[in-house]
Amino acid sequence: MGKVAVRVAVVCGVAVAVTAAVVVHRKMKKSGKWEKAMEIVKEFEEKCATPISKLRQVADAMLVEMHAGLASEGGSKLKMLISYVDNLPTGNEKGLFYALDLGGTNFRVLRLHLGGKGRGIVSKQFEEVSIPRSLMTGTSDALFDFIVAELAKFVAQEGMDFELRPGRQRELGFTFSFPVLQSSISSGTLVRWTKGFSIEETVGRDVVAELTKAMEKQGLNMRVSAFVNDPVGTLAGGRFTNNDVVAAVILGTGSNAAYVERAHAIPKWHGLPLKSGEMVINTEWGNFKSSHLPLTEYDHELDAETLHPGEQIYEKLTSGMYLGEIVRKVLRRMAEEAAFFGDTVPPKLKVPFILGTPIISAMHQDTSPDLKVVANRLKDILEISNTSLKMRKVIVELCYIVATRGARLSAAGILSILKKMGRDTMREGEKQRTVIAMDGGLYEHYTEY
């Protein structure tokens, strides 16, 4: 086929697709189905609404739960876990350190050389590894053996600069982004899995012991000297470079926050008096639940289908694992009840979690005049090609509704922490600075969020 013929074929193909989209759109308007689709969107938008008054109610309700969680174990849906971190970095630390960060569907291994006062991080190397889905619901041994095998590969790549003196073990900081009840700075038992993990035998076990067993099995000369949750690690990392950091928030696959609490405000702390007078608290705010949260029928449906129904409700509204799934559920209803994509429901639209949050992020942030990114994602992921510009604008609007609700509810959570610390208002003449350390793929990559 010659170039001219190819060009004509492409132009004809585009023309056919555009014509099909226009025909579908006209059919919808004639039958009243467009109005039905818009009704579904409007109702969804109203139920997702987060006016300032509601956000203040959410923040106040979370504050009540924070107090209850600090008063006693099991006193609240918010675990308010004691981290055993009562001293944070100063920026003067020196030496070679390793870190393992198990946060969700990926984990990271990191090597840091800290130079001491004024020098900060001298060098840093890291690698990110995807966890096969089968290991997320398999056995404890299989998961930790896989992690340690990748860690061992990473350690084996270190150069002469990183050789340790004879008799010294490598120090490993282990960041573990799931609810854990700690008994010391280097041990803690798993309360429950979240973010799609479900390995029942690990629940109630010491996670550090599981990792250590796998390291010994593979002959890796390393010991866990600090075991923390991801917001606690983020808070420590933030404090290393900025003394005004007092809290940390994770917005990624999951959602959580940690902050510095005064020791006398933790009634359930029965340990020795703390020299610093402070303790970092891991809130586990993802499990927050309140009648003030703007839940829709799609949220209830999603919750019922997850591995842990009734748990992590706040996380299911705010985190990267679930935002795309909510959009999919609304689109599926529009397809079923308003023939939004034509007479039949696109088969791919029935597949749970097929619309990952990176996809809705790309569609939401599409700035092209014809929303080409939206069209391409619909075609590539859902195999839907007959959409008009007007339909694509509606899909962008859905992404906006879901992301805005999640972002504003996350902001309400931050306000509750500031209230708990007495940092939600500024007195006249006061020069107090409050810095929140942020981390997580959702926050990093979803700019609109």
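Here are some notes:
- For the range 123-142, filtering for residues that are surrounded by fewer than 14 Cβ atoms within 10 Å (Cβ to Cβ) and acidic (Asp, Glu) leaves 1.
- Check on GLY120, within 29 Å of GLU311 (Cα to Cα) and outside the structural domain of GLU315 (by the TED database): no
- So SER276, is it open to solvent by less than 10 Å² (accessible area, probe 1.4 Å) and of a type outside the set (A, V, I, L, M): no
- Number of the exception - ASN92 against (1) touching a residue at least 60 places away in the same chain (Cβ under 8 Å); (2) polar (S, T, N, Q); (3) in contact with a Lys or Arg (Cβ under 7 Å, 6 or more places away or on another chain): (1)
- Pick from the range 329-356, criterion open to solvent by 10 Å² or more (accessible area, probe 1.4 Å) and part of a helix (DSSP H, G or I), ranking: nearest to PHE44 (Cα to Cα): ARG333
- Within the range 292-311, the only residue that satisfies the criterion of being in contact (Cβ under 8 Å) with a residue 40 or more places away in the chain, assigned to a helix (DSSP H, G or I) and open to solvent by less than 50 Å² (accessible area, probe 1.4 Å) is TYR298.
- Residue within the range 387-400 that is within 21 Å of VAL246 (Cα to Cα) and in contact (Cβ under 8 Å) with a residue 12 or more places away in the chain present: no
- Scanning the range 423-449 for residues that are part of a loop (DSSP other than H, G, I, E, B), closer than 23 Å to PHE240 by Cα and either more than 18 Å from the chain's Cα centre (by Cα) or modelled with pLDDT of 95 or more (or both) returns ARG423, LYS431, GLN432, ARG433, THR434.
- Residues that are surrounded by fewer than 21 Cβ atoms within 10 Å (Cβ to Cβ) and hydrophobic (A, V, I, L, M, F, W, C) within the range 85-101 comprise LEU88, LEU96, PHE97, ALA99, listed in sequence order.
- Pairs linking a residue in the range 207-223 that is assigned by the TED database to the domain that holds GLY103 and of a type in the set (S, T, N, Q) to a residue that is open to solvent by less than 50 Å² (accessible area, probe 1.4 Å) and not in a loop (DSSP other than H, G, I, E, B), with Cβ atoms under 8 Å and 6 or more positions apart or on different chains, are THR212/VAL224; GLN218/ASP145; GLN218/VAL148; GLN218/ALA149; GLN218/ALA152; ASN221/ARG170.
- Subset of the range 236-263 that is closer than 15 Å to MET421 by Cα and outside any strand (DSSP E or B) - its residue that is least open to solvent (accessible area, probe 1.4 Å): ALA263
- Those residues of the range 170-183 which are in contact with a helix residue (DSSP H, G or I) (Cβ under 9 Å, 6 or more places away or on another chain) and surrounded by fewer than 21 Cβ atoms within 10 Å (Cβ to Cβ), in sequence order: ARG170, GLY173
- Restricting the range 348-362 to residues that are more than 19 Å from the chain's Cα centre (by Cα) and of a type in the set (A, V, I, L, M), the residue that is farthest from MET321 (Cα to Cα) is LEU349.
- Filter result for ASN106 (open to solvent by 50 Å² or more (accessible area, probe 1.4 Å), over 26 Å from the mean Cα position of the chain (by Cα), modelled with pLDDT of 80 or more and not hydrophobic (A, V, I, L, M, F, W, C)): no
The values are calculated or read from the model by the stated rules, or taken from the named source; none is laboratory data. This structure is a prediction, so every number in the text was calculated from the model and none was measured. Methodologically, a virtual Cβ is constructed for each residue, glycine included, from the backbone with ideal geometry; neighbour enumeration extends over all protein chains shown. These accessible areas exclude ligands, DNA and RNA; they are computed on the full protein's heavy atoms, side chains included. Shrake-Rupley method; radii C 1.70, N 1.55, O 1.52, S 1.80 Å.
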